[in-house]
1. Provide a single number: the residues in the stretch 36-76 that are open to solvent by 70 Å² or more (accessible area, probe 1.4 Å) and within 14 Å of Glu20 (Cα to Cα).
2. State whether the residues of the stretch 101-114 include one that is surrounded by fewer than 15 Cβ atoms within 10 Å (Cβ to Cβ), of a type outside the set (A, V, I, L, M), at pLDDT 95 or above and assigned to a strand (DSSP E or B).
3. Quick one: would you say Ala6 is open to solvent by 60 Å² or more (accessible area, probe 1.4 Å), among the aliphatic types (A, V, I, L, M), at pLDDT 90 or above and part of a loop (DSSP other than H, G, I, E, B)?
4. Is there any pair linking a residue in the stretch 72-88 that is within 12 Å of Phe120 (Cα to Cα) to one that is small (Gly, Ala, Ser) and open to solvent by 30 Å² or more (accessible area, probe 1.4 Å), with Cβ under 8 Å and at least six apart or on different chains, and which?
5. Can you name the residue in the stretch 95-110 that is under 19 Å from Glu55 (Cα atoms) and among the polar types (S, T, N, Q) and, of all such residues, is farthest from the chain's Cα centre (by Cα)?
Amino acid sequence: MGHTYAIFKKEGIFCPTYLEGIMHTEFFEKDPFEARDSDDGEWRSSRNIVTELPEEIWFVSKDIKYDFDLRCEVGGFFVSLEFLNLLQKFGINNFQYTKVYMVNKHKESISSKEYFYVRFFDKLEDVIDMEKSNIEFYRQNGRFKKYGIYN
């Protein structure tokens, strides 16, 4: 008999429901909480499509410590290495991910686990007959622009 897994809300002092902080594509020593133009991009604004993720993400927070496995974050999720391993173990492959450093304003780690930023996307070939369809998508958000089916 196989293992059964469940996702539940882990409660505790280091498991906030809402993560308060800012995501950067690099750590900024001078003012780590200031938003930067370099933090924007298709990886943050598009939905449900494969896009190039930054090599790494820095999540700067005023929180003291994190110890959770899954939290929702702008356009994606922060997941622990253990959670990422479960996704891969069960053959879930409609996602992309990159390393996340959870730090305070002094660039000191505030996490007890290794974390990743994960974005899921639909695999259109599983739900649409691409050979018999004529589909165009909006580049900005990955949604359907127009579509038609060949006879």
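1. Residues flagged as open to solvent by 70 Å² or more (accessible area, probe 1.4 Å) and within 14 Å of Glu20 (Cα to Cα) within the stretch 36-76 amount to 4.
2. Yes: the stretch 101-114 contains one or more residues that are surrounded by fewer than 15 Cβ atoms within 10 Å (Cβ to Cβ), of a type outside the set (A, V, I, L, M), at pLDDT 95 or above and assigned to a strand (DSSP E or B).
3. no
4. Gly75/Ser45
5. Of everything passing the filter in the stretch 95-110, Ser109 is farthest from the chain's Cα centre (by Cα).
The values are calculated or read from the model by the stated rules, or taken from the named source; none is laboratory data. Bear in mind the structure is a predicted one, so any value in this text is a computation, not a measurement. Reconstructed Cβ throughout: ideal geometry from the backbone, glycine too, with neighbour counts over all protein chains shown. The protein model used for the area step is the full one, side chains on, heavy atoms only, and it has no ligands, DNA or RNA in it. Shrake-Rupley method; radii C 1.70, N 1.55, O 1.52, S 1.80 Å.
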